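Data block below; observations after.
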Amino acid sequence: MLDEKLEPIFADVLRRNPGEDEFHQAVREVLDSLGAVVAKHPHYAEGALIERICEPERQIIFRVPWVDDRGRVQINRGFRVQFNSALGPYKGGLRFHPSVYLGTIKFLGFEQTFKNALTGMPIGGGKGGSDFDPKGRSDAEVMRFCQSLMTELGRHLGEYTDVPAGDIGVGQREIGYMFGQYKRITNRYESGVLTGKGLTWGGSRVRTEATGYGAVYFVERMLQQRGESFDGRKVVVSGAGNVAIYTIEKVQQLGGRVVACSDSNGYVVEEKGIDLALLKEIKERRRGRVADYAKARGAGAVYVPDGRVWEVPADIAMPSATQNELTGQDARTLVRNGVRAVGEGANMPCTPEAVRLFIEGNVLFGPGKATNAGGVATSALEMQQNASRDSWSFEETEERLATIMHGIHDRCAQTADEYGAPGNYVLGANIAGFIRVAEAMRALGVV
Ligand code: NDP
Ligand code: 2IT
């Protein structure tokens, strides 16, 4: 049940944003946590502050025409939702996936606003992307698409205005093509306009690893609260992209054994542990599939097409693929198999029912907006290096990332304690993120 002050706000969100289920879900989860805040501090419900937080500052939708390798004209739709700039320039990734529509980008931009606030860094929230499907496209096609997208998007960006990065389907290759086009259009080497750049052209060390590493740091800190660690633990990771790969890497460094990972076609399970060097070779260099990995491994690995990776028994689960990939049914299976901790590497991968089952089952649960904040935090470190024309070592940058993740963990834990829900990181993250954004918005007036 929503607080009676928040009920009409949510009703309005439903009415004004029809058909955007993921956006409704993300807003609902935050509003569910805010009842305790408006009860304790009624001023946060004044001045339509919460209504304003739920309404993006600007939503941009545009046509992206490009020519494929056979000379045919293709049309995609581009989006940028500039959600909230109270704390700094809009900051958040671009997602290229055929499922992308306005509701996807709005839910991600909304989540990003609170996530970015939690990092304590001066970044507002935004998100963008396209329904373009990079799978099976040549480098040249990807380049032409990225250039066309940036020709239109570029006018809305700037290092003090809006700073995109990668997300699903967008990695260093795409950031490179977009940065090149932005540089050409503006005739400026404005490094700080995009993050996730390559090391020779303004990128930061550790940005590639940051989301996965950060998620593992967060879960490690949660485990420490119960006197536990990754050492000797069995871990299941979903996805096999950027976040999944560097989650696996850090888990292995901490002595854990990752026994399964997946993509949208199926999962691979390997009791001895995933061979990360081979997985990287197949995913990062050959742009192959998890099935190719399983085939290359032979007898030790079992590939399960169309299966649910959460069937594999694990002590720790790290969903790192996409939204709503872990359902109530999956949560029941995981709890039955004795899962002790779940850390969301992806954005909103667990359905509301799954989240409820984990919390009720006393499973340590790290929500995405806290657990996966290491990516955007390291993007903010990249902006910092660009602004000072500096470049830090791997060790220094990773140290900063670890400190930031521990800070986020502790802020969420303390806030949960303060609001009488010890150990509830969902409540802690939503409230701590909200208060930071809300304080800035109050100070800046009705804008
Ligand atoms: P990638 O594109 O590198 O990898 C995505 C992975 O998830 C792939 O294995 C992909 O499989 C799988 N996947 C994507 N969509 C679906 C789907 N509809 N069903 C099943 N599997 C799917 O993306 P990232 O690793 O960067 O992103 C993963 C998640 O992490 C996303 O939720 C993203 O928003 C979040 N995130 C990313 C950050 C970053 O810095 N990159 C930062 C914070 C959060 P397939 O190849 O079959 O599509
Ligand atoms: O969801 C996310 O936090 C990201 N995709 C990273 C955003 C960023 O600006 O680095």
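Tell me whether the range 155-162 contains one or more residues that are of a type in the set (Asp, Glu), assigned to a strand (DSSP E or B), within 20 Å of Leu194 (Cβ to Cβ) and away from ligand 1 (no atom under 13 Å from the Cβ). Yes, the range 155-162 has at least one match.
Scanning the range 281-296 for residues that are under 19 Å from Gln252 (Cβ atoms) and surrounded by 17 or more Cβ atoms within 10 Å (Cβ to Cβ) gives Ile282, Lys283, Val290, Tyr293, Ala294.
With the structure loaded, tell me whether Val339 is more than 17 Å from Ala240 (Cβ to Cβ), outside any strand (DSSP E or B) and over 23 Å from the mean Cα position of the chain (by Cα) or whether it fails that test. For Val339, the condition - more than 17 Å from Ala240 (Cβ to Cβ), outside any strand (DSSP E or B) and over 23 Å from the mean Cα position of the chain (by Cα) - is not met.
Only helices (runs of 4 or more DSSP H) whose full extent lies in the range 350-410 are considered here, and the ones with at least 2 residues that are within 16 Å of ligand 2 (Cβ to nearest atom) and either among the small types (Gly, Ala, Ser) or surrounded by fewer than 18 Cβ atoms within 10 Å (Cβ to Cβ) (or both) are 368-371, 374-387.
Listed here are the residues, each with its yes/no results for (1) in contact (Cβ under 8 Å) with a residue 60 or more places away in the chain; (2) within 18 Å of Asp306 (Cα to Cα); (3) within 16 Å of ligand 1 (Cβ to nearest atom); (4) over 18 Å from the mean Cα position of the chain (by Cα).
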site	(1), (2), (3), (4)
Asp231	no, no, no, yes
Lys234	yes, no, no, yes
Gly239	yes, yes, yes, no
Ile245	no, no, yes, no
Lys250	no, no, yes, no
Gly255	no, no, no, yes
Val259	no, yes, no, yes
Val268	no, yes, yes, yes
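To keep it simple, each residue is scored yes or no on (1) small (Gly, Ala, Ser); (2) under 29 Å from Thr161 (Cβ atoms); (3) more than 16 Å from ligand 2 (Cβ to nearest atom).
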| position | (1), (2), (3) |
| --- | --- |
| Ile50 | no, yes, yes |
| Arg58 | no, yes, yes |
| Asp69 | no, no, yes |
| Gly92 | yes, yes, no |
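Going by the conditions given, is Ile431 in a helix (DSSP H, G or I) and either within 23 Å of Glu209 (Cβ to Cβ) or touching a strand residue (DSSP E or B) at 6+ places or on another chain (Cβ under 8 Å) (or both)? Judged against the criteria, Ile431 is not a match. May I ask you to verify whether Thr333 is modelled with pLDDT of 95 or more, touching a Ser or Thr at 6+ places or on another chain (Cβ under 7 Å) and away from ligand 2 (no atom under 16 Å from the Cβ)? In short, no. All of Pro122, Pro134 fail the test of being outside any strand (DSSP E or B) and touching an Asp or Glu at 6+ places or on another chain (Cβ under 8 Å), apart from Pro134.
Checked against (1) surrounded by fewer than 22 Cβ atoms within 10 Å (Cβ to Cβ); (2) within 16 Å of ligand 1 (Cβ to nearest atom); (3) not in a loop (DSSP other than H, G, I, E, B), Thr200 meets all criteria but (2). In this entry, Gly103 passes the filter for residues that are surrounded by 17 or more Cβ atoms within 10 Å (Cβ to Cβ) and either farther than 18 Å from Arg155 by Cβ or free of Cβ contacts under 8 Å to residues at least 12 places away in the same chain (or both).
The values are calculated or read from the model by the stated rules, or taken from the named source; none is laboratory data. All of these numbers come straight from a predicted model, not from anything done at the bench. Quick reminder, even Gly has a Cβ in these numbers, built from the backbone with ideal geometry, and neighbours come from all protein chains shown.
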